[in-house]
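The values are calculated or read from the model by the stated rules, or taken from the named source; none is laboratory data. Keep in mind it's a predicted model, so treat the numbers as computed, not measured. Because the Cβ atoms are built from the backbone with ideal geometry, glycine has one as well, and the counts that use them run over all protein chains shown. Just so you know, the surface numbers come from the protein's heavy atoms only, side chains and all, with ligands and any DNA or RNA stripped out. Shrake-Rupley method; radii C 1.70, N 1.55, O 1.52, S 1.80 Å.
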Amino acid sequence: MSRTLRFDAVLIQAVIAGALSFSHLHDLAAAAGQDGWKAWAYPVSVDLLLVAAWRRMRADGGNRDAWLWFAIALIASLGANVATAGMLDMTDVPPWLRILVAGWPALAFLGGTLLAHSPTDVPQPEAEPAVDTEREALPDLTVERAPEPAPELPPAGPARQDVPPEPVAQAPAVTVPPALLDHARKIADAHHAQTGAPIDAATLRSRLGIPSALADSIALQLA
């Protein structure tokens, strides 16, 4: 109930103030030579410009044009209220006031047009960074190589026919880190699912960017 009473009191106060301001503007326009329907059109023009500027200020508080035209309409309304309160002889209006009243329609039209067609900033969507899905991220790897065995010297003295040939030295084994082996196994499973064939050492080397010896060792462990 109290909320309804407060709302009604504000509404009644606004109606009374608007009616008084409307009447003062009409009387000033009529005293300046604008008779008939023209005298009633001046209060409507001032109040509409005031409301349009206020709405633009509410939507964009930093709009300087809205503040400027709000101040112009407010000065016009306050000036009419003060002039009709005995500060001005309504039977003998000075020429400068007649000029202001006669030029008000053009000024109000300019202000209303600028307020109605003020540009509004439309936020542009931010461009999303491009993601390279073809290149797969690899973990930091440390490749450890086994030390190469020292070469064996041939025995001194003449060679005998019954001495067996020396064994051919094999390539040193390459230690594969567990993280790299797990990553290679995922790539091999994806390759097998796409092609139906097991992955070879050359494909592993191109996909992982590792030396051929390490790729051969991984291929042997995945076979």
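Of everything in segment 57-70 that is open to solvent by less than 50 Å² (accessible area, probe 1.4 Å) and touching a residue at least 24 places away in the same chain (Cβ under 8 Å), the residue that is farthest from Asp92 (Cα to Cα) is Asn63. Checked against (1) of a type outside the set (D, E, K, R); (2) open to solvent by less than 40 Å² (accessible area, probe 1.4 Å); (3) within 14 Å of Leu115 (Cα to Cα), Leu28 passes all but condition (3). Listed by first and then second residue, the pairs with beta-carbon distance under 7 Å, at least 6 apart or on different chains, first residue in segment 84-95 and more than 16 Å from His26 (Cβ to Cβ), second at pLDDT 75 or above and open to solvent by less than 60 Å² (accessible area, probe 1.4 Å), form an empty list.
For segment 172-188, residues that are farther than 12 Å from Leu214 by Cβ and surrounded by 13 or more Cβ atoms within 10 Å (Cβ to Cβ) total 5. Criterion first (more than 20 Å from Ala116 (Cα to Cα), aliphatic (A, V, I, L, M) and open to solvent by less than 50 Å² (accessible area, probe 1.4 Å)) does Leu88 satisfy it? Yes. Return yes or no: is Leu20 modelled with pLDDT of 80 or more, aliphatic (A, V, I, L, M) and within 21 Å of Leu110 (Cβ to Cβ)? No; evaluated as a whole, the condition is false for this residue. Remark: pairs (first residue in segment 13-27, in contact (Cβ under 8 Å) with a residue 60 or more places away in the chain and in a helix (DSSP H, G or I); second residue among the β-branched types (Val, Ile, Thr) and open to solvent by 50 Å² or more (accessible area, probe 1.4 Å); Cβ separation under 9 Å; 6+ apart in sequence or on different chains) = His24/Val82.
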